[in-house]
Amino acid sequence: QVQLVESGGGLVKPGGSLRLSCAASGSIFTIYVMGWYRQAPGKQRELVATITRGGTTNYADSVKGRFTISRDNAENTVYLQMNSLKPEDTAVYYCNLDAMPVLTMLRQDYWGQGTQVIVSS
């Protein structure tokens, strides 16, 4: 079993910063891509940022220059540093793993439970 535990969400004023963390645990053979997605009320879930095992990153245009994704391969943890937050960043943020568990040795997606980010004055 692979489990993801997210933390770091909350309420912040426009222009403020938050740092999200997502730690993966369980019998994991390897993690290929780690990422963050978000879903605002009434909208579809969308990509925020991803990072490969080798460190290649990809960002949604709406967050480029403001958000930074990073990962600690030794700790199976991914981070999202969010700066210059805007009200339109308000959403539930989900951690995603593209990983291969030891039990099945089949590559598959895993999702965290989500953490709420609210940007409001």
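Screening the range 73-87 for residues that are open to solvent by 30 Å² or more (accessible area, probe 1.4 Å) and in contact with a strand residue (DSSP E or B) (Cβ under 8 Å, 6 or more places away or on another chain) and picking the one that is farthest from Gly9 (Cα to Cα) gives Asn73.
Looking at Leu11, is it touching a residue at least 60 places away in the same chain (Cβ under 8 Å) and over 22 Å from Asp98 (Cα atoms)?
Numbers: touching a residue at least 60 places away in the same chain (Cβ under 8 Å): yes; over 22 Å from Asp98 (Cα atoms): yes.
In short, yes.
Return yes when Ala91 is among the hydrophobic types (A, V, I, L, M, F, W, C), modelled with pLDDT of 95 or more and in contact with a Gly (Cβ under 8 Å, 6 or more places away or on another chain) and no when it is not. Steps first, answer last, please.
Numbers: among the hydrophobic types (A, V, I, L, M, F, W, C): yes; modelled with pLDDT of 95 or more: yes; in contact with a Gly (Cβ under 8 Å, 6 or more places away or on another chain): no.
For Ala91, the condition - among the hydrophobic types (A, V, I, L, M, F, W, C), modelled with pLDDT of 95 or more and in contact with a Gly (Cβ under 8 Å, 6 or more places away or on another chain) - is not met.
Among the residues of the range 36-72, just one is open to solvent by 50 Å² or more (accessible area, probe 1.4 Å), among the β-branched types (Val, Ile, Thr) and within 18 Å of Val119 (Cα to Cα), namely Thr68. When the range 5-35 is filtered for residues that are open to solvent by less than 40 Å² (accessible area, probe 1.4 Å) and part of a loop (DSSP other than H, G, I, E, B), the ones remaining, listed by number, are Gly8, Gly9, Gly16. Candidates are the residues of the range 97-111 that are within 12 Å of Gly35 (Cα to Cα) and open to solvent by 10 Å² or more (accessible area, probe 1.4 Å); the one that is nearest to the chain's Cα centre (by Cα) is Trp111.
Are there any strands (runs of 3 or more DSSP E) wholly within the range 38-121 with 3 or more residues that are touching a residue at least 40 places away in the same chain (Cβ under 8 Å) and not polar (S, T, N, Q), and if so which?
Output list reads 77-82, 91-101, 115-119.
The values are calculated or read from the model by the stated rules, or taken from the named source; none is laboratory data. The model shown is predicted, which means the values in this text are computed figures rather than measured ones. Every residue, glycine among them, receives a Cβ derived from its backbone with ideal geometry; neighbour counts consider all protein chains shown. Note: accessible area is taken over every heavy atom of the protein model, side chains too, but ligands, DNA and RNA are not part of it. Shrake-Rupley method; radii C 1.70, N 1.55, O 1.52, S 1.80 Å.
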